[in-house]
């Protein structure tokens, strides 16, 4: 049976960053490392899609180069197309990123078993990321338990 986790594209980096803050050992740590790699690959796809989608809305200089914004790596959007660009980006941000992890199932189960009762309290963004991750892991591993009964 294929095992997957599904996040919105915009949630990928939040969950990946959160995973990196956890203090884990052994198989759970290896599960975290595999999951971070899978999330990172999906996040790279998302960033590439975002970049391609924004391209027609970016203001160009006389040489045809992108006009850079005030912050490093940012660009200036064509004023008349700003709403259209924001709509397109919101669509990509809210698309589902499906992460297939069947081959790492044992390691993911070990990760789940450790973080389900993680001894540290979470707040703010970490609490939200924990909730997102646990919703997905519970959906996979609690259904698995019910199927084996």
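The values are calculated or read from the model by the stated rules, or taken from the named source; none is laboratory data. As the structure is a computational prediction, the values presented were derived from the model and not from experiment. Please note: Cβ atoms are built from the backbone with ideal geometry, for glycine as well, and neighbour counts cover all protein chains shown.
Considering only the range 27-37, I want to know if a residue exists there that is closer than 22 Å to residue 131 by Cβ, modelled with pLDDT of 95 or more, surrounded by fewer than 18 Cβ atoms within 10 Å (Cβ to Cβ) and within 11 Å of the chain's Cα centre (by Cα). Yes, that holds for at least one residue. Number of residues in the range 14-26 that are at negative phi, in a helix (DSSP H, G or I) and surrounded by fewer than 16 Cβ atoms within 10 Å (Cβ to Cβ) equals 3.
Out of the range 49-67, which residues are farther than 27 Å from residue 94 by Cβ and either outside any loop (DSSP other than H, G, I, E, B) or in contact with a strand residue (DSSP E or B) (Cβ under 6 Å, 6 or more places away or on another chain) (or both)? 60 - this is the single residue of the range 49-67 that is farther than 27 Å from residue 94 by Cβ and either outside any loop (DSSP other than H, G, I, E, B) or in contact with a strand residue (DSSP E or B) (Cβ under 6 Å, 6 or more places away or on another chain) (or both).
Could you please find all residues in the range 113-138 being in a helix (DSSP H, G or I) and touching a residue at least 40 places away in the same chain (Cβ under 8 Å)?
The answer is 113, 114, 115, 125, 126, 128, 129, 130, 132, 133, 136, 137.
So for the range 100-123 (the condition being in contact with a strand residue (DSSP E or B) (Cβ under 6 Å, 6 or more places away or on another chain) and under 21 Å from residue 142 (Cβ atoms)), does at least one residue qualify?
Yes: the range 100-123 contains one or more residues that are in contact with a strand residue (DSSP E or B) (Cβ under 6 Å, 6 or more places away or on another chain) and under 21 Å from residue 142 (Cβ atoms).
I'd like to know if the range 75-87 contains one or more residues that are touching a helix residue (DSSP H, G or I) at 6+ places or on another chain (Cβ under 9 Å), closer than 17 Å to residue 12 by Cβ, free of Cβ contacts under 8 Å to residues at least 40 places away in the same chain and in a helix (DSSP H, G or I). The answer is no, given that none of the residues of the range 75-87 is touching a helix residue (DSSP H, G or I) at 6+ places or on another chain (Cβ under 9 Å), closer than 17 Å to residue 12 by Cβ, free of Cβ contacts under 8 Å to residues at least 40 places away in the same chain and in a helix (DSSP H, G or I). Looking across the range 27-74, the residues that are touching a residue at least 24 places away in the same chain (Cβ under 8 Å) and farther than 22 Å from residue 11 by Cα come down to 27, 56, 57. Of all the listed residues (99, 92), the sole one being in contact with a helix residue (DSSP H, G or I) (Cβ under 8 Å, 6 or more places away or on another chain), assigned to a strand (DSSP E or B) and touching a residue at least 12 places away in the same chain (Cβ under 8 Å) is 99.
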